[in-house]
1. Please identify, among 312, 177, 85, the residue showing maximal mean-square fluctuation in a Gaussian network model of the chain using a 10 angstrom Cα cutoff.
2. How about region 159-230: which trypsin sites (Lys or Arg not before Pro) there lie in a loop by DSSP and see at most 15 other Cβ atoms within 10 Å?
3. If Lys and Arg each add +1 and Asp and Glu each add -1, what is the summed charge of the other residues whose beta carbon sits under 9 Å from the beta carbon of residue 228?
4. Per residue, how many Å² of accessible area does the chain show with a 1.4 Å probe?
5. For the pair residue 201 and residue 37, how long in nm is the line joining their label points, each one 7 Å along Cα→Cβ?
6. At 1.4 Å probe size, with the rest of the protein present, what percent of the exposed accessible area of region 225-318 is carbon and sulfur atoms?
7. How big is the charge dipole of region 107-184 about its Cα centre, in debye rounded to the nearest 20, if each Lys and Arg gets +1 on its Cβ and each Asp and Glu gets -1 on its Cβ?
8. Nearest 10 degrees is fine. How inclined is helix 188-205 to the longest principal axis of the chain, computing both from alpha carbons?
Amino acid sequence: MAAGLAAAVVVAAGPVGNAAGAVAAPRAAAAVVPAVDREVRFAADGTTAYGTVHIPAHRPGRRLAAALLIPGSGPTDRNGDEPPGLTPHTLALLAGALGEDGVMTLRFDKYGTGRTGLGGRHRAPDMAAYTRQAVAAYDTLRAQPEADPRALLVVGHSEGGLQALLVDRAVRAKPAGLALLAPQDVRLLDSFEFQLADGLDRAVRAGQLSAEQAELNKKGVAGAVADFRGGRPVDTSGLLPSVAALLNGMFGPVNADFVRTDDALYPPAVARGVAPGTRTLVTCGTADANVPCRTVPALLSGLAAARTTGPGPRVLPGVDHLLHPAGTPADEPVIAPAARRALHAFVRPWRQGAAG
């Protein structure tokens, strides 16, 4: 259709004899480097970690904004999965959403997941070790030939939001932006305690537990947390088997170092150390039982004290902790439209298409 309109304009503009000479040769389509996924590896504390760099389609020679994606707690791999039981594909989907805006990404396998081993450890690494791994990933992303060193970003989900703050504090080349998606915004064991309490209350409402049993277990959990923080032995006798198992897993020898070092961090205090002028996004979903919107204000105050810039807080109606629309199965590979819109708003200063 466009070619037909061009021909009509030329014929109307002058004699037929000049028409052929007046028609310009069609412009060659701008060259575009196609999108590609690149496997990368890097070392942290002597252990090789593996990851994927996603490079969206772009013009040759164009430097791209580059985002490090950090997963949440537990044995979560580069895609945001804990196979075989939980496969929401959260980080892979975030990489795709950012790629739509011309932002390249690096996501990686945490210690003990995917292709990355534990480095000879027989227990979970502590929080500092996970931070050093994330910093090494950030430096690897920064070194990619397509990455714009002036437009480095960190996107963290859940516990990864706290890790994003720690990476900002640790690196010399500060990120231009931090996106904290349903981030850990209180001390770890405070969050653990209110999540268990909420679960017990739901069991009472469902008729699965008496109110007296729920209160007994809430007090037992509070006492166990206080004992662990105080360096005393944790007693789980008399608690529901499921609750006791959770406490023993948290405070047992495999996870104790990690739990203690994470719990020592108060995210709003960490946020006060973010570099001034850093563009930030903080999301909370109204259907998120892990990071409810009521706990976010202290973190926002910490970021405000650091003099960060917008877009700031975004409440996501009907969105759960995995960034799903409420009611979506946990292993469903989908990101809620509201979460996508928030992410697109965050990268607006760096957004570009393949021909942009």
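The values are calculated or read from the model by the stated rules, or taken from the named source; none is laboratory data. Not measured: the values here are computed from a predicted model. Please note: Cβ atoms are built from the backbone with ideal geometry, for glycine as well, and neighbour counts cover all protein chains shown. Note: areas computed on protein heavy atoms with side chains; ligands, DNA, RNA excluded. Shrake-Rupley method; radii C 1.70, N 1.55, O 1.52, S 1.80 Å.
1. Among 312, 177, 85, the largest mean-square fluctuation in the Gaussian network model of the chain belongs to 85.
2. Sites meeting the loop and neighbour criteria: 172.
3. Net charge in that neighbourhood comes out at +1.
4. Values: 16200 Å² over 356 residues.
Normalised by residue count, the accessible surface of the chain is 45 Å².
5. Here the answer is 4.1 nm between the modelled labels.
6. Carbon plus sulfur share of accessible area: 60 percent.
7. On the way: 11 positive and 7 negative charges, 38 e Å.
Here region 107-184 has a charge dipole of around 180 debye.
8. Tilt relative to the chain: about 80 degrees.
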